[in-house]
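Data first, discussion second: the structure below is written as structure tokens.
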Amino acid sequence: MMGRDQMLETKTDFERARASLEGRTPQELTQFILSLAGASNGIAAYVAAFALAADTKTAGEIIDDELAALSRGEREYDYRHRHSFEVSARADRTLQAIQTMIALKDPFVAAGLLRRFIALEESILGNCHEDDDAGKIFVRAREILKTLGT
């Protein structure tokens, strides 16, 4: 059984995940996949190539661009700048997960997660020093918490 600190590791974990995903609507799956379109570390390229796979020329160009990026590498400054935005995007995805996956089914659990998220604001923003808009994520978190009324 998948625990708190694990990802999908065992065959049972994958079977449970597959069953859960098969119960989702096509719209939910599409929304989730497209939410990864801005992700880093090649995930956005993978999502774009998957989404556009029917157009093999375009999908091939996306993959070719990814190969060029892998070959090129990046400077330390570029890495730090990108990393800052990655942390911000990860915080935003975490907030979206609380709002769309948890709050609708269990507002009490969502409120607890939002309070923890807000309590970590200073340390999370400390890792987003290049992203001036990162603070807006916590404004949204507070607004969501208010709407839950817990």
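The values are calculated or read from the model by the stated rules, or taken from the named source; none is laboratory data. Keep in mind that this is a model prediction, so the values were computed, not measured. In this analysis, Cβ positions are derived from the backbone assuming ideal geometry, glycine residues included, and neighbour counts consider all displayed protein chains.
Looking at 51, 39, 19, 97, which one is modelled with pLDDT of 85 or more and closer than 26 Å to residue 136 by Cβ?
97
Search the stretch 74-95 for residues that are within 15 Å of residue 121 (Cα to Cα) and part of a helix (DSSP H, G or I) and pair each with any residue that is among the β-branched types (Val, Ile, Thr) and modelled with pLDDT of 70 or more when their beta-carbon atoms are under 6 Å apart and the residues are at least 6 apart or on different chains.
Final answer for the pair search is 91/124; 91/137; 92/137; 95/137.
Give me a count of the residues in the stretch 54-68 that are loosely packed, with under 12 Cβ neighbours inside 10 Å and either small (Gly, Ala, Ser) or within 16 Å of residue 39 (Cβ to Cβ) (or both).
Total meeting the criteria: 2.
All but one of (1) touching a helix residue (DSSP H, G or I) at 6+ places or on another chain (Cβ under 7 Å); (2) outside any helix (DSSP H, G or I) hold for residue 48, so report the exception by its number.
Of the numbered conditions (1) touching a helix residue (DSSP H, G or I) at 6+ places or on another chain (Cβ under 7 Å); (2) outside any helix (DSSP H, G or I), the odd one out for residue 48 is (2).
Return the only residue of 100, 147 being more than 19 Å from the chain's Cα centre (by Cα), β-branched (Val, Ile, Thr) and in a helix (DSSP H, G or I).
147
In this structure, is residue 117 closer than 30 Å to residue 148 by Cα and either modelled with pLDDT of 85 or more or surrounded by 15 or more Cβ atoms within 10 Å (Cβ to Cβ) (or both)?
yes
Out of (1) in contact with a helix residue (DSSP H, G or I) (Cβ under 9 Å, 6 or more places away or on another chain); (2) surrounded by 12 or more Cβ atoms within 10 Å (Cβ to Cβ); (3) modelled with pLDDT under 85, the odd one out for residue 84 is which?
The single condition residue 84 does not satisfy is (1).
When the stretch 110-131 is examined, which residues are found to be without any contact (Cβ under 8 Å) to a residue 40 or more places away in the chain and either of a type in the set (S, T, N, Q) or closer than 14 Å to residue 92 by Cα (or both)?
113, 114, 117, 118, 120, 121, 123, 124, 125
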